Structures are given as structure tokens and as C-alpha cells.
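J.: There's a structure below that I have some questions on.
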Amino acid sequence: MKERLEQIKADALAQIQAADIPSKLNDVRIKFLGKKGEMTAVLKGMKDVAPEDRPVVGQLVNETRTAIETALEESKTTMEKRIREEKLRTEVIDVTLPSKKAVLGHRHPNTIALEEVERIFVGMGYEVVEGPEVEYDLYNFEKLNIPADHPAKDEQDTFYINKNIVLRTQTSPVQARVMEQGKLPIRMIAPGRVFRSDEVDATHSPSFHQIEGLVIDKNISFADLKGTLEVFAKELFGPETKTKFRPHHFPFTEPSAEVDVTCFKCGGKGCRFCKGSGWIEILGCGMVHPHVLEMCGIDPQEYTGFAFGVGLERIALLKYEIDDMRLLYENDIRFLKQF
Ligand code: DAH
């Protein structure tokens with residue numbers, strides 16, 4: 001047994017010496033120390049050793065095992081050191097090579113315009129909320145005072161998913177969703193994507209963006225609406241900007257209005273940009289219809305409020321004097337970089 005162990009040790013050490021790569025060292029480990037290795041075989045043979053000799057032989061077995069393990073470990077360390085040094089010597093990094101510049105993206109004009117609008121309203125204490133793009137007919141129309149056969153439904157060429165579900169044609173359904181939650185007062189804007197079955201041209205797209213606004217509290221009047229939108233227009237288009245409220249009709253507001261701002265290009269004198277009128281239309285608004293308040297669980301005797309809806313692309317086109325909406329969707333980096 002003693003000779004056998006010495007033989008094993010000598011073989012193992014010789015093979016460890018001969019190994020030049022880590023995988024070969026591992027082969028040696030398996031061959032001698034593995035489950036089916038030589039040392040395991042020796043251990044199995046212990047039962048044939050006379051009981052009085054066992055302690056001595058046992059110690060020898062342990063010594064042999066430790067010797068092999070230590071040799072393996074040492075060899076591994078020197079091998080790794082050698083490989084690392086070799087690598088340092090051969091892999092030279094040329095620090096004088098010109099670096100590859102990271103290509104920086106650019107914010108889209110829509111995003112810039114949205115952040116500007118958000119900044120203005122957040123500054124007035126509004127919360128920014130979101131609603132789903134795939135919406136129930138109930139919220140997109142019904143709760144906004146547009147019942148099944150109302151002609152206003154025809155104005156918005158709707159993509160229907162089924163009889164009850166649509167791609168929202170406006171961000172106004174977020175009004176109903178927020179009111180329904182029952183937390184009052186409300187002061188929110190809701191930006192988001194809307195969809196209409198429209199042909200693409202310079203001013204239309206089947207998918208565009210709106211920003212909805214809603215304020216509900218006690219004693220909110222049309223004066224609050226006017227004051228708020230005046231501040232908004234001045235912040236967005238400059239302090240000289242004047243606003244004009246023209247009567248209009250929206251089913252979910254009463255009274256309703258469309259808002260024009262003085263042309264920021266000519267200051268109101270009339271130019272090519274405002275088609276000679278001096279005014280540019282920017283949004284729809286009004287006092288929230290009492291029936292809408294009721295349908296959304298708010299007592300119109302106690303609370304009143306106003307709402308407005310702005311087209312985001314319209315703001316971006318006006319602010320950056322872009323004359324074709326399609327440019328906003330092509331995402332040509334040469335175009336986007338200009339803003
Ligand atoms: N939702 C309307 C549209 O898409 C815009 C609008 C008008 C929103 C008046 C409002 C509002 O909140 O009060 O044409």
C-alpha cells in the first residue's frame with residue numbers, strides 16, 4: 001500500500017509538472033482526486049488493510065492527498081500568473097487611437113413642446129396624469145355627453161376595436177376617469193396619443209397627441225378659465241401674446257369656446273403665417289357640462305369646473321414654424337436636430 005501511494009504521488013506530481021494549461025491541470029485533478037480517481041480507489045482498498053495498520057496507512061493517504069492538492073494549487077497560481085503576464089505583454093492598447101464618439105440622440109419637437117406645456121401647468125399646481133389609449137366607448141363618448149346617436153360622434157372618425165372599445169379619439173376621456181375617482185378638487189393635465197381614421201396630409205395624421213386640462217373646485221368660473229389660458233398663451237408664445245375666445249360647441253362643455261392667440265410672427269398685423277388674419281387658433285375649452293359632472297359622480301350644485309384640449313403637434317408646428325406635420329413623424333435626424 002505504501003509503495004502504491006508513493007507511486008501515485010510521484011505520477012501525480014510529474015503530470016502536474018507537465019501540465020501547461022489550466023484544463024490539463026483539471027484533468028490531473030480528476031484522474032487522481034476525482035470520484036473515480038486513483039485516491040478513491042485506494043480508499044476503497046482500506047478494508048483489506050489489517051486493522052492495526054489502518055491509522056498509519058490512513059495518515060499516508062491523507063498526506064498523499066494533501067501533497068497532490070498543494071501541488072495542483074501552486075501550479076494553478078503560477079500558471080495564472082504566467083498567463084496574465086503574457087497577456088499584459090502581448091495586448092498593447094494604443095491610447096493614441098481616436099475614440100469613437102457616442103452618437104447622442106435628440107429630443108423630438110413634440111417632446112420639447114410637451115415638456116414646455118407641462119412646465120407651465122405644473123408651475124400653476126397642476127398634476128400630470130395619463131389614461132389608456134385603448135378606451136371604452138363609455139369614457140370616450142358616453143360620459144362626455146356624446147350618446148350613441150349624437151352627431152358629434154361622426155365628427156371624430158373612430159377606430160373601433162369592437163362595439164364598446166375604441167382607440168381614443170381624444171384625451172377628454174381622462175377627464176371622466178379622474179372625476180370618477182372622486183378626489184376633489186381636481187387640477188390636472190393629461191397628455192397622450194389619440195387616434196382618428198384620418199388620411200395623412202400636411203395637417204392630419206391618424207395618430208397624433210393632445211393635452212387635456214381639467215380643473216374642478218368650488219366657485220370655478222369662466223373668468224378662471226380665461227385667466228388660466230391667457231397665462232398659458234403668454235408663457236408659451238411670449239408676453240405680448242393676446243388671446244381671443246370665440247363661442248363654439250363641444251358636447252361636454254357649456255359654454256364652450258375656441259381660443260385664438262395673436263400671431264407671434266407678425267404680432268397680429270396679419271402675415272402669411274396667420275393667413276392674413278393676425279390670429280391663430282390653438283385650442284378648445286369650456287365650462288364642464290353639469291350633466292358630465294353628474295355622470296361622473298360630482299354634484300354640479302356644489303362644484304364647477306373648466307376643461308380644455310390642446311393639440312400637441314399644433315403647438316410644436318406653431319412654436320417651431322414647421323409647415324408640414326408629416327415632418328414630425330419621419331424622424332429624420334437632420335430635421336430633428338434643428339430644435
Ligand atoms: N376633445 C376635443 C377635441 O378633440 C378638444 C376639447 C375641446 C377638449 C374642449 C376639451 C374642451 O377639454 O373643453 O376636439
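Read the figures in this text as sums done on the coordinates, not as results from a lab. If you're wondering where the values come from, they're calculated on a predicted model, not measured in any experiment. Cβ atoms come from the backbone with ideal geometry, glycine included; neighbour counts cover every protein chain shown.
J.: Return the FRET efficiency for the residue pair Arg54, Lys24: r is the Cβ-Cβ distance, R0 is 30 Å, and the value is rounded to the nearest 0.05.
T.: After rounding, the FRET efficiency stands at 0.30.
J.: Next up: Please list, by residue number, every one of the trypsin sites (Lys or Arg not before Pro) in segment 48-128 that is coil in DSSP and has at most 13 other beta-carbon atoms within 10 Å.
T.: Details: sites: Arg65, Lys76, Lys81, Arg82, Arg84, Lys87, Arg89, Lys100, Lys101, Arg107, Arg119; in loops: Lys100, Lys101, Arg107.
Listed in order of number, the matching sites are Lys100, Lys101, Arg107.
J.: Another one. Which residues among segment 282-320 fall inside the zone where the amide N is under 13 Å from a point 7 Å beyond the Cα of Lys218, along Cα→Cβ?
T.: Only 301-304 fall inside the zone, counting backbone N under 13 Å.
J.: Where q = 0.09, 0.14, 0.20, 0.24 Å⁻¹, what log10 of I(q)/I(0) comes from the Debye formula for segment 87-199, counting one point per Cα?
T.: Summing over Cα pairs of segment 87-199 leads to -0.42, -0.72, -1.13, -1.29.
J.: Nearest 0.05, what FRET efficiency do His249 and Phe159 give at R0 = 25 Å with Cβ-Cβ as r?
T.: The formula returns an efficiency of 0.55 here.
J.: Have a look at the DSSP beta bridges in the chain and tell me what percent are antiparallel, nearest 5. Don't skip to the end; give the middle numbers.
T.: Values: 43 of 45 bridges.
Here the share of antiparallel DSSP bridges comes out near 95 percent.
J.: Mind listing the lone cysteines of the chain, meaning no other Cys beta-carbon sits under 4.7 Å from theirs?
T.: Cys285, Cys296
J.: If you don't mind, another one. Along its three principal axes, how long is the chain when you only count alpha carbons? Whole Å, largest extent first please.
T.: Projected onto its principal axes, the Cα set of the chain covers 111, 55, 36 Å.
J.: Enumerate by residue number the trypsin sites (Lys or Arg not before Pro) in segment 1-50 meeting two conditions: DSSP loop (anything except H, G, I, E, B), and at most 10 other Cβ atoms within 10 Å of the site's Cβ. It would help to have the intermediate numbers written out before the result.
T.: On the way: sites: Lys2, Arg4, Lys9, Lys24, Arg29, Lys31, Lys35, Lys36, Lys44, Lys47; in loops: Lys35, Lys36.
The qualifying sites are Lys35, Lys36.
J.: Report the FRET efficiency, 1/(1 + (r/R0)^6), for Thr70 and Asp94, where r is their Cβ-Cβ distance and R0 is 41 Å, rounded to 0.05.
T.: FRET efficiency, Thr70 to Asp94: 0.45.
J.: Quick one: putting +1 on the C-beta of Lys and Arg, -1 on the C-beta of Asp and Glu, what dipole do you get for the chain around its Cα centre, in Debye to the nearest 20? Please list the in-between numbers first.
T.: Working: 46 positive and 54 negative charges, 260 e Å.
About 1240 debye.
J.: Expressed as a whole number of Å, what is the distance separating the alpha-carbon centroids of segment 1-62 and segment 84-154?
T.: 66 Å
J.: For segment 123-212, run through the trypsin sites (Lys or Arg not before Pro) and keep only the ones in DSSP coil with at most 12 other Cβ atoms within 10 Å of their Cβ.
T.: On the way: sites: Lys143, Lys153, Lys163, Arg168, Arg177, Lys183, Arg187, Arg193, Arg196; in loops: Lys163, Arg168, Lys183, Arg196.
In loop regions of segment 123-212 (DSSP not H, G, I, E or B), the sparsely surrounded trypsin sites (Lys or Arg not before Pro) are Lys163, Lys183.
J.: In percent, what relative contact order does the chain have, based on Cα pairs under 8 Å that are 6 or more apart in sequence? Walk me through the numbers on the way to the answer.
T.: Values: 504 pairs, mean separation 50.0, N = 339.
Computed value for the chain: 15 percent relative contact order.
J.: With the dipole of the chain worked out from charges on the C-beta (+1 for Lys and Arg, -1 for Asp and Glu) around the Cα centre, which of Met179, Thr241, Tyr139 lies farthest toward the positive end?
T.: Among Met179, Thr241, Tyr139, the one farthest towards the positive end of the dipole of the chain is Thr241.
J.: Ok, one more. Please list, in chain and number order, the residues 5+ apart from Thr253 or on another chain whose amide H is under 5 Å from its amide H, with Hs placed from the backbone.
T.: Amide H neighbours of Thr253: His289.
J.: Moving to a separate point now. Identify, among Gln59, Ile112, Met1, the residue whose Cα sits farthest towards the positive end of the charge dipole of segment 1-158, taking +1 on the Cβ of Lys and Arg and -1 on the Cβ of Asp and Glu, with the dipole about the Cα centre.
T.: The Cα lying farthest towards the positive end belongs to Met1.
J.: Okay, helix-only estimate at 222 nm for the chain: each DSSP H run of n ≥ 4 adds -39500 (n - 2.57), divide by all residues, round to 500 deg cm²/dmol; what do you get?
T.: Working: 13 runs with 143 residues, N = 339.
Roughly -13000 deg cm²/dmol at 222 nm, from the helical runs in the chain.
J.: Something else about it: Looking only at GluC sites (Glu not before Pro) in DSSP loops with at most 12 other Cβ atoms within 10 Å, what is the longest site-free stretch of the chain?
T.: Values: sites that count: Glu91, Glu130, Glu199, Glu240, Glu302, Glu321.
Here the longest segment lacking exposed loop sites spans 1-90.
J.: Okay, next question. Which value, in debye to the nearest 20, describes the size of the charge dipole of segment 79-164 about its Cα centre when Lys and Arg Cβ atoms bear +1, Asp and Glu Cβ atoms bear -1, and nothing else is charged?
T.: Details: 12 positive and 18 negative charges, 209 e Å.
Computed charge dipole of segment 79-164: roughly 1000 debye.
J.: Determine the gain in length on full extension of the stretch Asn331-Arg119; use 0.36 nm per residue of separation and subtract their C-alpha separation, reporting nm with one decimal.
T.: On the way: separation 212, 0.36 × 212 = 76.32 nm, distance 2.44 nm.
That works out to 73.9 nm of additional length.
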